[in-house]
Amino acid sequence: MGFLDTLLGRTKPVPPKLDDLFAVPTAAITLQAAMGLVPTGAGSVCFRAAEGRAFSDIEKDVRELLSMGSEAPQVEVTNDSYGFTWLVCRHSADDVAALVTDLHAVNSSLVDGGFGPQLLCTLVSFTGESGRRLGIVYLYKRGTFYPFAPLGGERRDNALELQVRGAVGADLKIEADLSRWFPVWGAPGL
Amino acid sequence: MAKTRYAPDRGLTTRMTLTMFLLGLVFVAFVIALIYLLGAFGVGSGAIAFFAIALGLALTVGSFFYSDKIALSAARAVEVGPQDGPMAAKVHGIVDRLCALADMPKPRVAIARSPMPNAFATGRNAKKAVLCVTTSLMDGRLDDRELEGVIAHEMSHVAHKDVAVMTIASFLGIVAGLLVRFAFYGELFGGGGGGRGGNNNNNGGGAIVLLVMLAVGIVVYAVSFLLIRLLSRYRELAADRAGALLTGQPSALASALTKVSGDIARIPQKDLRKAEPLNAFYFAPALSGKAGASLATLFSTHPSLDRRLRQLSEISEQLAK
């Protein structure tokens, strides 16, 4: 925020950065090779639904868009306890590129409708041996990624997260500020 | 370029600019009057002005740097981490998401045990900011969306650096108030009394200076007091607006306001008095009074509930288009 905005008590809504998402398929290959973490084929977009007709129309359009086509993914919509909406897409596990394309379609629809600032994060989930779970979370507002590895009972596997940061650091722009690696407990699709 | 649904409120911006311009004007006039007075009558009473400014500066700097600690201890709030119980976990969860949505650093979170449902944010910048909610805000009378609306409002105060802006804006009023006090006592003990030695040759002139200073101080204090209250009300409206646009749910914030303001008006007097020093930073003022009188509107730190609800419904319409 600039000086003038502070003085006048204005905040400009932060537009999302979208294109970095396409780096995920490369990172998925690295993760599999380096750490044995394979994509589950599930990914989700999390956004804050705005009230009113305009937003619900766009949301409906997005769902219709995703369920069209021959290789239509399974799409489900859930609302979490914080009032955020998660749109979960499921593809076959080896087609991360298609998954990312679908997730990006959701983003573009929201942005074109003027609701870009409502986008919170995108999550692509991975799984490893002995039940390890990992989400690669993309923060739209910062254009950065961070790993989130939930354990049972609202604890997170920080060691695995840091290990992942080291492994995919070259492929993805990892969020440098650790205080912004906020947890998404119970995120659908993870 | 994608279209945006977040049109700025030009009317509010204009009014706020005008208010700040007037504050600046009063400040300049005040300084010129002081310099003129001191120049015309010698530096005999300059000490009073000097002490008023020095003490005022010390108070302002103090409250600027320690605003978070002062406010937290006045509210008896305790800072909490995400693991400190379900209440703390919930607030942290909401704050986390709002910070990610607004791309701002995460403020610290504190909880105050209080029978009044309320929230405030303090701290001079985003890194030092603390967001405090009271226990009764979390006791279930607000649903999750309303709670989020309240927290988004407070986070907008942080983003707008309202503590810093209001502290700096209040500096002038503090100095003028101190000057009035000092000049008054100077008049009482110095100018009128004959106990001093006879070598003070412009004693009569000194008394006039003190009187003029008293008058200037009172006028400046009164005008800046009104302007600061006006500015505070505009900052509240700006925070309502920014908070509602951040969550995309203006109506949730509106219904939270209705619930919180309605509840607070019914709280007994004893608790209200205790809460008064913190009013300027609270989400809803604890001393809501009877909003009917226009004088009360002029003096209040927060806009009336009606005014706030009206703005939120305008935003709601705008979003639905």
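The values are calculated or read from the model by the stated rules, or taken from the named source; none is laboratory data. Computed from a prediction, not measured in an experiment: that's the story for all the values here. For neighbour counting, all protein chains shown are included, and Cβ atoms are generated from backbone atoms with ideal geometry for every residue, glycine included.
Listed values, structure above:
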read-out	value
Failed criterion for residue B:64 (all others in (1) buried (at least 17 other Cβ atoms within 10 Å of the Cβ); (2) touching a helix residue (DSSP H, G or I) at 6+ places or on another chain (Cβ under 6 Å); (3) not aliphatic (A, V, I, L, M) hold)	(1)
Tabulated pairs, the stretch A:166-179, first farther than 16 Å from residue A:31 by Cβ, second among the charged types (D, E, K, R) and not in a helix (DSSP H, G or I), C-beta under 8 angstrom, 6+ apart or interchain	A:175/A:142; A:179/B:106
Strands (runs of 3 or more DSSP E) within the stretch B:59-160 that include 3 or more residues over 22 Å from the mean Cα position of the chain (by Cα)	none
Candidates B:72, B:12, B:98, filtered to the one that is of a type in the set (A, V, I, L, M, F, W, C) and farther than 30 Å from residue A:141 by Cα	B:72
Top-ranked residue in the stretch A:1-33 [being modelled with pLDDT of 90 or more, surrounded by fewer than 16 Cβ atoms within 10 Å (Cβ to Cβ) and among the aliphatic types (A, V, I, L, M); ranked as nearest to the chain's Cα centre (by Cα)]	A:29
Yes/no for residue B:17 being within 14 Å of chain A (Cβ to nearest Cβ) and either modelled with pLDDT of 85 or more or within 25 Å of residue B:238 (Cα to Cα) (or both)	yes
Pair list, Cβ under 9 Å, 6 or more apart: the stretch A:50-65 residue under 14 Å from residue A:112 (Cα atoms), other residue among the acidic types (Asp, Glu) and surrounded by fewer than 17 Cβ atoms within 10 Å (Cβ to Cβ)	A:58/A:112
Matching entry among A:178, A:151 (being surrounded by fewer than 17 Cβ atoms within 10 Å (Cβ to Cβ), hydrophobic (A, V, I, L, M, F, W, C), modelled with pLDDT under 90 and more than 22 Å from residue B:91 (Cβ to Cβ))	A:151
Test: residue A:63 is of a type in the set (Lys, Arg), out of contact with any Cys (no Cβ under 7 Å at 6 or more places or on another chain), under 21 Å from residue A:16 (Cα atoms) and within 14 Å of chain B (Cβ to nearest Cβ)	no
Residue check for residue B:35: surrounded by fewer than 14 Cβ atoms within 10 Å (Cβ to Cβ) and in a helix (DSSP H, G or I)	yes
Matching residues in the stretch B:115-135 - criterion: being closer than 18 Å to residue B:86 by Cβ and at pLDDT below 85	B:117
Restricting the stretch B:177-212 to residues that are of a type in the set (A, V, I, L, M, F, W, C) and closer than 16 Å to residue B:56 by Cα, the residue that is modelled with the highest pLDDT	B:178
Count - residues of the stretch A:120-161 that are in contact with a Cys (Cβ under 8 Å, 6 or more places away or on another chain) and either more than 14 Å from chain B (Cβ to nearest Cβ) or in contact (Cβ under 8 Å) with a residue 60 or more places away in the chain (or both)	6
Checking residue A:94 against (1) away from chain B (no Cβ under 14 Å); (2) in contact with a Phe, Trp or Tyr (Cβ under 9 Å, 6 or more places away or on another chain); (3) under 21 Å from residue A:168 (Cα atoms), the condition it does not meet	(2)
Selected residue [more than 14 Å from every other protein chain (Cβ to nearest Cβ) and touching a Cys at 6+ places or on another chain (Cβ under 9 Å)] from A:39, A:73	A:73
Any hit, the stretch B:312-321, residues being part of a loop (DSSP other than H, G, I, E, B) and at pLDDT 65 or above	yes
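For every residue, the table says whether it meets (1) away from chain A (no Cβ under 14 Å); (2) of a type in the set (Asp, Glu); (3) in contact (Cβ under 8 Å) with a residue 60 or more places away in the chain.
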| site | (1), (2), (3) |
| --- | --- |
| B:55 | yes, no, yes |
| B:80 | yes, no, no |
| B:84 | no, yes, no |
| B:104 | no, no, no |
